[in-house]
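A short worksheet on the structure shown next.
The values are calculated or read from the model by the stated rules, or taken from the named source; none is laboratory data. Computed from a prediction, not measured in an experiment: that's the story for all the values here. Cβ atoms come from the backbone with ideal geometry, glycine included; neighbour counts cover every protein chain shown.
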Amino acid sequence: MAQALSLLVVAAAVAGCLYQVAAALLVRRFAAAPPLPAAAAPPPVSVMKPLCGAEPGMADNLASCLRQDYPAFQLVFGVADAADPALAEVARLATGTAEITTVIDATPHGRNLKVGNLLNMWPRVRHDLIVIADSDIRVEPHYLNDVVAPFLDPVTGAKVGVVTCLYIGTPVDGVWSALGALGVNHGFLPSALLARAIGRKDGCFGATMAVRRAVLERAGGLERLADILADDWKLGHMARQSGLGIELAARPVHIMVHEPDFATLLAHEIRWGRTIAAVDRPSYLASVITQPVALAVLAVAMAMAGGGWAGPAALAALAAAFACRLWAVRSGEKALGLPRAGLGLLAMREFLSFLVYVVASCGRTVIWRGRRFVVRRDGTLDLVEGSAP
């Protein structure tokens, strides 16, 4: 029995090798694709930036949003607490001619505090094209042009409901931040591209989401996201229910990864994993094939425990998985202009990814901003009794 199971896991590892090759080729194609041309007279844009605390690098992150090759845009910052240190970072911005609006409002609107912040900011949003962007992203001057371009395409623009951005992880400091960035660059990004390539065009990513005001209001508004953990996925789902599509911006943004310790990194990644599993558990469980090295190691262990004839096949699968995974990582590093990660760090990342997968598959509880929630099957949040308010 152990030998048969080992061969089954070997087959999954081989499928994972094929996945690695396909995903790496898609990353190379994405990185090499030319951007859409900037429009001659693009419409004005309101960029909503919900803030909570002053994470490392925030000043540079926010300043990068001001340095845009875009004629007219409004930046709306929002916090729930007048003592929030993020306000000091906003006050230090060299605004020039940029239009900046700051909202301080603690009015609650549901269990998702980020969405509650957005709802408090909403009355101050002036323009009809709206970009919702996280505070930990750092962008290039072409950012808004890239995000707006799909809406303005003369052939397909009318069918676009949401434009979203892939993102590259840039570690702020330390080994835990480096591990988090590796997970983004060689886990999330390739899988998102492969999902789109096979027809799964439902990916909407919270780093940046652009939507027309009329589309958002017709779909029920931000209020529909107030109790949803996966608010980005839900926004994309609302657009698709309206018969519109989700498009990717031509170039990724950079997300600044700051993980001060292992416990914080693990909690973040388990929350992300359980968020994905909540909205599409079968796909999340099937994503185990994205980890061929872990599968091959498991196959070898099972073959050795059984003491039979499956050992050579498992060892061959392990060698193939290691080679394919390393090639995919090095290929992605070259395509995206990333520094080479050491083998020791990559090995730690493989172990951590499998650990997160197992733990995230086995529960529905997440910790977010110090509060404990249970994620329902529809992605809504239930506050666990006794959790800090």
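Do the conditions hold for residue 89, that is, is it assigned to a loop (DSSP other than H, G, I, E, B), on the phi < 0 side of the Ramachandran plot, among the charged types (D, E, K, R) and touching a helix residue (DSSP H, G or I) at 6+ places or on another chain (Cβ under 8 Å)? It is false that residue 89 is assigned to a loop (DSSP other than H, G, I, E, B), on the phi < 0 side of the Ramachandran plot, among the charged types (D, E, K, R) and touching a helix residue (DSSP H, G or I) at 6+ places or on another chain (Cβ under 8 Å).
Any residue at all in the stretch 334-344 that's modelled with pLDDT of 95 or more, more than 26 Å from residue 29 (Cα to Cα) and surrounded by fewer than 19 Cβ atoms within 10 Å (Cβ to Cβ)? The answer is yes; a qualifying residue exists.
Table: residues versus (1) assigned by TED's automatic domain parsing to the domain that holds residue 63; (2) closer than 19 Å to residue 268 by Cβ; (3) surrounded by 23 or more Cβ atoms within 10 Å (Cβ to Cβ).
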position	(1), (2), (3)
150	yes, no, no
183	yes, yes, no
190	yes, no, yes
221	yes, no, no
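Among the candidates 55, 89, the residue that is surrounded by 20 or more Cβ atoms within 10 Å (Cβ to Cβ), at pLDDT below 95 and not aromatic (Phe, Trp, Tyr) is uniquely 89. Residues in the stretch 41-54: is at least one part of a helix (DSSP H, G or I) and either closer than 30 Å to residue 74 by Cα or not small (Gly, Ala, Ser) (or both)? Checked against the condition, which is being part of a helix (DSSP H, G or I) and either closer than 30 Å to residue 74 by Cα or not small (Gly, Ala, Ser) (or both), the stretch 41-54 yields no hits at all.
Considered as a group, the residues in the stretch 164-185 that are within 11 Å of residue 345 (Cβ to Cβ) and among the small types (Gly, Ala, Ser) include one that is nearest to the chain's Cα centre (by Cα), and that residue is 181. Every test in (1) over 30 Å from residue 225 (Cα atoms); (2) buried (at least 21 other Cβ atoms within 10 Å of the Cβ); (3) among the charged types (D, E, K, R) is passed by residue 29 save one, and that test is (2). Residue-level check: of (1) part of a loop (DSSP other than H, G, I, E, B); (2) within 24 Å of residue 232 (Cβ to Cβ); (3) not small (Gly, Ala, Ser), residue 60 misses just (1).
Across the stretch 345-389, the number of residues qualifying as within 29 Å of residue 252 (Cα to Cα), at pLDDT 80 or above and aromatic (Phe, Trp, Tyr) comes to 3.
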